[in-house]
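One structure below.
Nothing in this text is a laboratory measurement; each read-out follows from the coordinates by a stated rule. Everything numeric here is computed off the predicted structure, so don't read it as measured data. For neighbour counting, all protein chains shown are included, and Cβ atoms are generated from backbone atoms with ideal geometry for every residue, glycine included.
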Amino acid sequence: DAGVIQSPRHEVTEMGQEVTLRCKPISGHDYLFWYRQTMMRGLELLIYFNNNVPIDDSGMPEDRFSAKMPNASFSTLKIQPSEPRDSAVYFCASTGGGNEQYFGPGTRLTVT
Amino acid sequence: GEDVEQSLFLSVREGDSSVINCTYTDSSSTYLYWYKQEPGAGLQLLTYIFSNMDMKQDQRLTVLLNKKDKHLSLRIADTQTGDSAIYFCAESIYNQGGKLIFGQGTELSVKP
C-alpha cells in the first residue's frame with residue numbers, strides 16, 4: 001500500500017481565497033483524522049471520521065473550516081475564506097482498528 | 001480533561017542512551033504511543049504499549065510505563081545522529097474510537 005496520500009504537498013494562497021486539501025486513507029482503514037500543526041499550538045486534532053461519518057469536530061477552529069468524506073477512499077478539508085493565521089501543516093491520518101494511526105506527509109499551507 | 005506533557009528539548013552525544021519522558025492525565029487510557037517526526041515529514045509510529053503492561057522492548061527502543069504515576073518513557077539505546085527528530089507521546093482514550101491526545105513533542109538533538 002502507498003500509505004496515506006495527501007495533496008497538494010505545498011499550497012500558497014492569498015488571504016480570502018478558498019483552499020481545499022485532499023486525503024486518501026490507507027485502503028481498508030475505517031477511521032480518518034485531520035490534524036493541524038503549528039509551532040505555537042503543536043499538533044491539534046481538527047476532526048475525525050468513522051466509516052465516512054464525522055464523529056468529533058470539536059477541534060475545527062471556526063465555521064470557515066469544513067471537512068467531508070464522501071466515500072471510504074477520499075476526504076477533503078476546506079477553508080473558506082482563508083486567513084494568514086491558517087498557515088500551518090495539515091496532516092491526515094488513518095487507522096483500521098483504532099490503535100495505530102498512520103500519517104500522511106502533510107500539506108504545508110501558507111496564506112499571505 | 002485529557003492532557004499529555006513532555007519536555008521540549010533533549011540533547012545527547014552519539015552512542016549515549018536517550019530517555020524521553022511523558023506524563024498523561026487520563027487514567028482510562030488504553031494504549032500509549034511514541035511517534036517520531038523528522039523535518040518536513042509526517043509522524044511515524046515507533047512503538048506503543050498497552051496500558052496493562054509496564055515495559056516493552058523493540059530493538060534499541062524500550063518503553064516503560066508507570067501507570068500509578070501516569071508516566072511513560074522512551075529509551076533509545078546507542079543513539080545515532082539519524083535519531084535526531086521530534087518525538088511525540090500520545091494516549092488513546094477509552095470509548096473514543098481512534099482519537100489520540102498528543103503531547104507537544106520533544107526535540108532530540110544528537111551530537112557527534
Hey, quick one: spin label on A:GLU14, modelled 7 Å out along Cα-Cβ, who in the stretch A:53-86 has an amide N within reach, i.e. under 19 Å? A:79-86
What percent of all Cα-Cα pairs in chain B falls into each 10 Å bin, going from 0 up to the bin containing the maximum distance? 15, 49, 30, 6, 0
Output for chain A (equivalent-ellipsoid semi-axes, sqrt of 5λ from the C-alpha gyration tensor, Å, descending) is 22, 14, 13
Would you work out which of A:SER66, A:TYR31, A:THR107 lies farthest towards the positive end of the dipole of chain A? Charges go on Cβ: Lys and Arg +1, Asp and Glu -1. A:THR107
Estimated vicinal HN-Hα couplings, Hz - the stretch A:78-94 in sequence order (Karplus 6.51, -1.76, 1.60; Gly, Pro = x): 10, 10, 8, x, 7, 10, x, 6, 7, 4, 5, 9, 10, 10, 10, 9, 9
Report relative contact order for the stretch A:40-82 in percent, whole number only (criteria: Cα-Cα under 8 Å, sequence separation at least 6). 28
Of A:SER58, A:SER82, A:SER94, which has the largest mean-square fluctuation in a 10 Å C-alpha GNM of chain A? A:SER58
Calc'd 3J(HN,Hα), the stretch B:82-87, phi into Karplus 6.51 cos²θ - 1.76 cosθ + 1.60 (θ = phi - 60°), Hz, glycine/Pro = x, comes to x, 7, 4, 4, 9, 10
